[in-house]
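Reviewing the structure listed below.
The values are calculated or read from the model by the stated rules, or taken from the named source; none is laboratory data. From a predicted model like this one, the values you see are computed outputs, not experimental measurements. Because the Cβ atoms are built from the backbone with ideal geometry, glycine has one as well, and the counts that use them run over all protein chains shown. Calculation scope for accessible area: heavy atoms of the full protein, side chains included, ligands and nucleic acids excluded. Shrake-Rupley method; radii C 1.70, N 1.55, O 1.52, S 1.80 Å.
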Amino acid sequence: MLELFGHPLSSYTQKVLVALYETGADFTLRTVDLSQPEDRALMQSLEPMGRMPALRDGDRVLSQSSLMIEWLDRHHPGPQRLLDPDPDASLVARQWDRFLDFQVMQMMQQIVDARIFMGEGAEDRVAPFARAKLELAYAALDRRLDGCDWIAGGCGLADCAAFPALFYAGAIHPFAGHSRLMAYFDRLAGRASVQRVIEGARPWYRWFPFAEGIPARFR
């Protein structure tokens, strides 16, 4: 039995959840609260830095969301593969998966961390740089989506990364000026897998530091 250790509000947990729902794999979500000492100790036993999420499949425990999705695609594949089985052909999906994690998710997280963890005035210093990087990333994604329904062929690894990255980044710095990206996000949000992730996270969205930016249709 697959076990995913994480939290419905966690962006990287959501990334893996989208993949799990896409494959139809049988799994259990073990909800983790890192404010609790026992849960922190649990995650430190599962993941090198004690961070969410972690995926356990029998005796094997994996960290890093992209590797978890690759494992699912190899060992618990659904009707549509999340990665091309040809290693060279799958490089495009891997490239955009990394792009979404580093250029969208991490830029968003810098602004969140500045508000939550850093001192007074930190957000004012950090946010302009991160927002400018998000604008560049949105423009690159908008260009990539010219004539494409999904980022790298069929819906797969890169699109699993795209939902939480764009959902949370868009709540902080909207991408309304990028029409192809907006249409893509609506298409992505309409998938059954993503709808299940949204339903699971909805009770927790109020805890997101920029919850006021989440569109009403998701709250």
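Odds and ends about this structure:
- The dipole here belongs to the chain: it is taken about the Cα centre, uses +1 on the Cβ of Lys and Arg and -1 on the Cβ of Asp and Glu, and is about 400 debye.
- Think of the stretch 1-81 as a dipole: +1 on every Lys or Arg Cβ, -1 on every Asp or Glu Cβ, centred on the Cα centre; then among His75, Gly58, Thr31, His75 lies furthest on the positive end.
- Highest-MSF residue in the chain out of Leu72, Leu134, Leu34 [GNM, Cα springs under 10 Å]: Leu34
- Amide hydrogen neighbours beyond the local backbone of Leu2, cut-off 5 Å, H modeled: Thr28
- Accessible surface of the stretch 63-123 [probe 1.4 Å, protein heavy atoms]: carbon and sulfur percent: 54 percent
- HN-Hα J in Hz across the stretch 36-45 - Karplus 6.51, -1.76, 1.60, θ = phi - 60°, x for Gly and Pro: 9, x, 5, 6, 4, 5, 4, 5, 5, 7
- For Met43, the solvent-accessible surface with a 1.4 Å probe is about 0 Å², rounded to the nearest 10.
- Residue among Pro209, Pro53, Pro164 with the largest mean-square fluctuation in a Gaussian network model of the chain, springs linking Cα atoms under 10 Å: Pro209
- Overall, the accessible surface of the stretch 1-61 at a probe of 1.4 angstrom is composed of carbon and sulfur to the extent of 46 percent.
- Net charge dipole size for the stretch 2-76 [Lys, Arg +1 and Asp, Glu -1 on Cβ; Debye, nearest 20]: 160 debye
- In Hz, Karplus ³J(HN,Hα) per residue of the stretch 154-167 (6.51, -1.76, 1.60; θ = phi - 60°; x = Gly, Pro): x, 4, x, 3, 5, 6, 4, 5, 5, 4, x, 4, 6, 4
- Among Gly78, Gly58, Gly154, residue whose mean-square fluctuation peaks in a GNM of the chain (springs only between Cα atoms under 10 Å): Gly58
- Here's the picture: charge each Lys and Arg Cβ at +1 and each Asp and Glu Cβ at -1 in the chain, and of Gln110, Tyr21, Leu2 the one pushed furthest to the positive end of that dipole is Gln110.
- Residue-normalised accessible area of the chain, given per residue in Å² at a 1.4 Å probe: 48 Å²
- Debye-sum result for the stretch 61-219 in log10 I(q)/I(0), which assumes one identical scatterer on each alpha carbon, at q = 0.11, 0.15, 0.17, 0.18 Å⁻¹: -0.46, -0.85, -1.08, -1.19
- Neighbourhood net charge (13 Å Cβ-Cβ; Lys/Arg +1, Asp/Glu -1) for Met118: -2
- Between the stretch 1-70 and the stretch 120-164, the Cα center-to-center distance that results, in Å: 23 Å
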